[in-house]
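J.: Mind looking over this structure? Questions follow.
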Amino acid sequence: MTRAASPQFVQPILFRLIRVHADWVTYYGWTWLDGYQIDARGDAVARRSIRAGGAG
């Protein structure tokens, strides 16, 4: 994930998506995602719920 996905990503992260929350209310063109932040070795280091979208 990069700043193109959301302003919260000042530093890009690798993200393994596990669920899209289409039923969670957010801004038009955005959606909530559940997944894991992944380190350089490919290991999950944190579970995260993030809001992404809006680009374009």
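J.: Kindly indicate which of ARG3, ARG16, ARG48 is at negative phi, among the charged types (D, E, K, R) and touching an Asp or Glu at 6+ places or on another chain (Cβ under 9 Å). Don't jump to the end; show me each part of the working.
T.: Working: ARG3 fails: touching an Asp or Glu at 6+ places or on another chain (Cβ under 9 Å); ARG16 fails: touching an Asp or Glu at 6+ places or on another chain (Cβ under 9 Å).
It is ARG48.
J.: Next up: So, of the residues in the range 44-56 that are open to solvent by 80 Å² or more (accessible area, probe 1.4 Å) and at pLDDT 90 or above, which turns out to be nearest to the chain's Cα centre (by Cα)?
T.: ARG47
J.: Hey, among the residues in the range 4-43 that are free of Cβ contacts under 8 Å to residues at least 40 places away in the same chain, of a type in the set (A, V, I, L, M) and outside any strand (DSSP E or B), which one's most open to solvent (accessible area, probe 1.4 Å)?
T.: The initial filter retains those residues of the range 4-43 that are free of Cβ contacts under 8 Å to residues at least 40 places away in the same chain, namely 7, 9-43.
Of the ones still in play, those that are also of a type in the set (A, V, I, L, M) are 10, 13-14, 17-18, 20, 22, 25, 33, 38, 40.
Then keep just the ones that are outside any strand (DSSP E or B); that gives 10, 13, 22, 25, 40.
Details: VAL10: 101, ILE13: 26, ALA22: 91, VAL25: 134, ALA40: 110 Å².
Applying the filter and picking the extreme gives VAL25.
The values are calculated or read from the model by the stated rules, or taken from the named source; none is laboratory data. Nothing here was measured: the structure is a model prediction, and the numbers come from that model. Virtual Cβ from ideal backbone geometry, glycine too; neighbours counted across all protein chains shown. Accessible surface areas use protein heavy atoms only, side chains included; no ligands, DNA or RNA. Shrake-Rupley method; radii C 1.70, N 1.55, O 1.52, S 1.80 Å.
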